[in-house]
1. Can you say whether residue 302 is surrounded by fewer than 22 Cβ atoms within 10 Å (Cβ to Cβ), in contact (Cβ under 8 Å) with a residue 12 or more places away in the chain and part of a helix (DSSP H, G or I), as far as the supplied structure shows?
2. Restricting to region 71-80, give me the number of residues that are surrounded by 15 or more Cβ atoms within 10 Å (Cβ to Cβ) and more than 8 Å from the ligand (Cβ to nearest atom).
3. Checking residue 16 against (1) surrounded by fewer than 22 Cβ atoms within 10 Å (Cβ to Cβ); (2) within 16 Å of the ligand (Cβ to nearest atom); (3) assigned to a helix (DSSP H, G or I), only one condition comes out false. Which one?
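The values are calculated or read from the model by the stated rules, or taken from the named source; none is laboratory data. The structure presented is a predicted model; accordingly, all values stated were derived computationally and were not measured. Cβ placement follows ideal geometry from the backbone for every residue including glycine, while neighbour counts extend to all protein chains displayed.
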Ligand SMILES: NC(=O)c1ccc[n+]([C@@H]2O[C@H](COP(=O)([O-])OP(=O)(O)OC[C@H]3O[C@@H](n4cnc5c(N)ncnc54)[C@H](O)[C@@H]3O)[C@@H](O)[C@H]2O)c1
């Protein structure tokens, strides 16, 4: 027996896993996405999200209860609709145009008793101010009263086999008690544990705290790594030693910069809102952004110095980058620091080859040749740079065969290895 009709707007990293889980929990799922090529691929059983294998998508399609579409009219008659569209920045300010478009397009299909939930990361107030107004205007109905409206932040961690949608606690909220109950009931069917909070604003802020916390702590350890290098102290060993403290310390590791859809963007939603409503700066966020943004340039300077010690200019050198994605074990290159590093090195005249087992060909930066991790490639490179440490790569082989390794992730060991 079907649990009802679930519509998931946006079939990307967040929406597709939710759609699949919805089918498995017993809903009839309609996945609405404006990207025609994505919808065609999904309908053909071709998953573009690594955490969703084609076999899982095939089972959902085979059940007859998963229907990907570009047409909002297919949302008609829904019981629950979850919106998972992108929330990027435009000129440093939140770009809510995707939420606006989704709200306007969905509104005609909102009916009494249905539930609409926003999952996109955004600043506090978006659900109750923006989305509510759009849905009420387009439907002629009200919330609270006629339909239920809530917010539940997404915590999906692409490439993480331990913490998946279903076993990661889900924070849930509603615009009133009745909406909270409906939102909670829905998620209790798809995840193991829900965490109800008092308002949509609290739930929206929860997500921003989580990502701002990461952004700030990564920046702290990145700055420490740069300073420790100048002080000639092994920061990696110090972090490992500090991490043995069983209380009061949480380990973060340095890296070549942050990328993707969350860390470089979400804290800016918070600082933008603080500036807009309070006229103040969120100084931790500003500083963390500045430091993390500086990391690709720092990596390039360190590689330049490393080549210089061998009597080589960057110009004309052959460099092998390991990992182009912003996150290990994924192929996601959105705002990846590897892209920035590549452009800077290319501008200095380097020839860039890269090992990226997860890459989709059309996302690889221009001029980069994708190669396999072979002894020949390692030996032929003037420098091998560990940018993103995918677990599938053989780092012993890298350290053994390469002449000079610049390792931004501390995966290789040996006299020929320089760590960030
Ligand atoms: N990717 C993550 O790891 C992650 C984790 C937590 C939260 N989030 C948040 O979740 C939201 C979605 O992120 P994502 O990574 O899934 O993005 P994504 O780009 O992978 O997917 C979004 C999808 O929405 C579609 N879309 C855009 N506008 C639309 C519209 N008006 N109607 C229908 N479809 C539309 C796009 O075509 C795309 O396929 C963002 O707010 C993001 O910050 C992402």
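1. On the way: surrounded by fewer than 22 Cβ atoms within 10 Å (Cβ to Cβ): yes; in contact (Cβ under 8 Å) with a residue 12 or more places away in the chain: yes; part of a helix (DSSP H, G or I): yes.
Answer is yes for this residue.
2. First pass over region 71-80, keeping only residues surrounded by 15 or more Cβ atoms within 10 Å (Cβ to Cβ): 72, 74-75, 78-80.
Keeping just the survivors that are more than 8 Å from the ligand (Cβ to nearest atom) gives 74-75, 78-80.
Selection size over region 71-80: 5.
3. The failed condition is (1).
Yes/no per residue for (1) loosely packed, with under 14 Cβ neighbours inside 10 Å; (2) in a loop (DSSP other than H, G, I, E, B):
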position: 122; (1), (2): no, yes
position: 127; (1), (2): no, no
position: 142; (1), (2): yes, yes
position: 146; (1), (2): no, yes
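Residues are listed down the side, and each one gets a yes or a no for (1) buried (at least 18 other Cβ atoms within 10 Å of the Cβ); (2) more than 9 Å from the ligand (Cβ to nearest atom); (3) closer than 20 Å to residue 156 by Cα:
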{"residue": "2", "(1), (2), (3)": "no, yes, no"}
{"residue": "11", "(1), (2), (3)": "yes, no, yes"}
{"residue": "20", "(1), (2), (3)": "yes, yes, yes"}
{"residue": "68", "(1), (2), (3)": "yes, yes, no"}
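Results for (1) away from the ligand (no atom under 14 Å from the Cβ); (2) touching a residue at least 60 places away in the same chain (Cβ under 8 Å); (3) over 18 Å from residue 78 (Cβ atoms), shown as yes or no for each residue.
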position	(1), (2), (3)
138	no, no, no
143	yes, no, no
155	no, no, yes
161	yes, no, yes
187	yes, no, no
190	yes, yes, no
194	yes, no, yes
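A quick yes/no check of all residues on (1) under 25 Å from the mean Cα position of the chain (by Cα); (2) under 17 Å from residue 299 (Cβ atoms); (3) assigned by TED's automatic domain parsing to the domain that holds residue 257:
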| site | (1), (2), (3) |
| --- | --- |
| 321 | yes, yes, yes |
| 328 | yes, yes, yes |
| 348 | no, yes, yes |
| 357 | yes, no, yes |
| 365 | yes, yes, yes |
| 372 | no, no, yes |
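Residues checked against (1) in the same structural domain as residue 144 (by TED's automatic domain parsing); (2) within 14 Å of the ligand (Cβ to nearest atom); (3) not in a strand (DSSP E or B):
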{"position": "23", "(1), (2), (3)": "yes, no, yes"}
{"position": "41", "(1), (2), (3)": "yes, yes, yes"}
{"position": "55", "(1), (2), (3)": "yes, no, yes"}
{"position": "59", "(1), (2), (3)": "yes, no, yes"}
{"position": "82", "(1), (2), (3)": "yes, yes, no"}
{"position": "85", "(1), (2), (3)": "yes, yes, yes"}
{"position": "130", "(1), (2), (3)": "yes, yes, yes"}
